[in-house]
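Written out below as structure tokens is the structure these notes cover.
Derivation of every value follows stated rules applied to the coordinates shown; laboratory data play no part. Remember, it's a predicted structure, so these values are computed and weren't measured experimentally. With ideal geometry, Cβ positions are generated from the backbone for all residues, glycine too; neighbour counts draw on all protein chains shown.
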Amino acid sequence: MCSSSSVCTTCKDHYYLVSGGCEPCPAGCVACSFTSGYTCTSCSDGYFLSSPSCIACSLPCANCNSAVACVTCQDAFFLAGTTCSACPLTCATCTAYATCTTCVDQYFLDGTACTACIDNCKICTDATTCTTCMTDYTVTADGLACAPCNHPCATCDPSGTCIVC
């Protein structure tokens with residue numbers, strides 16, 4: 001907020017007030033001040049406050065309270081206490097090692113596990129129904145298979161007519 005076109009009295013997030021103007025805070029700081037040096041008072045997601053700075057969380061933490069205490073994890077990892085552990089390779093997200101919540105392409109969620117789709121299927125709803133096939137394949141009219149497109153077609157309709165070469 002400025003009292004005139006050239007003199008500010010407060011600054012928006014990620015900036016601090018100095019000599020009537022607003023200057024950017026260091027990376028990771030939402031709020032900071034400057035006297036003889038920067039002092040961060042709150043941090044962005046993915047950083048923790050270690051006065052006077054905001055320190056980036058170590059991967060795979062998405063948010064943390066310290067260098068060794070994760071609060072949330074990036075996709076494909078789950079929180080186990082204060083550390084992030086990897087989900088099974090077929091899980092896109094999980095809440096525990098054996099509890100998938102979403103699956104990577106070519107797999108569908110079957111309870112809490114990820115089960116493979118039919119051959120050449122990218123996205124499926126169950127073990128026999130495909131909604132999207134891999135490149136160079138098309139879903140058959142009944143949705144039960146992925147048929148190859150005629151070469152050099154990359155995308156074709158169920159009749160085999162080329163849509164994208």
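Send over the Kirkwood Rh of segment 92-165, from the inverse of the averaged 1/r over different Cα pairs, rounded to one decimal Å.
12.8 Å
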Pull up all non-local amide H partners of residue 25: gap of 5 or more, or a different chain, and H-to-H distance under 5 Å with H placed in the peptide plane.
15, 16
Binned at 10 Å from 0, what are the whole-percent values of the Cα-Cα distance distribution for the chain, short to long?
11, 22, 17, 16, 16, 13, 5, 0
What distance in nm separates the two pseudo spin-label positions at residue 83 and residue 101, each 7 Å out from Cα along the beta-carbon direction?
2.2 nm
Using θ = phi - 60° and Karplus 6.51 cos²θ - 1.76 cosθ + 1.60, couplings along segment 89-104 (whole Hz; Gly, Pro as x)
4, 7, 8, 7, 9, 8, 9, 7, 4, 9, 10, 6, 10, 9, 10, 6
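Assuming R0 = 25 Å, what is the FRET efficiency of residue 161 and residue 116, from their Cβ-Cβ distance, to the nearest 0.05?
On the way: r = 29 Å, r/R0 = 1.15.
Efficiency computed from Cβ-Cβ geometry: 0.30.
For an R0 of 35 angstrom, estimate the FRET efficiency from the Cβ-Cβ distance between residue 9 and residue 51 and round to the nearest 0.05.
Numbers: r = 26 Å, r/R0 = 0.73.
Here the calculated transfer efficiency is 0.85.
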Between residue 75 and residue 151, take the C-beta separation as r, use R0 = 45 Å, and let me know the FRET efficiency to the nearest 0.05.
0.80
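Taking all pairs of distinct Cα atoms, average 1/r, flip it, and tell me the Kirkwood hydrodynamic radius of segment 1-56 in Å to one decimal place. Present the calculation step by step, with values, prior to reporting the outcome.
Details: mean 1/r = 0.0876 Å⁻¹.
11.4 Å is the Kirkwood radius here.
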With an 8 Å cut-off on Cα pairs and a minimum separation of 6 or more residues, tell me the relative contact order of the chain in percent.
7 percent
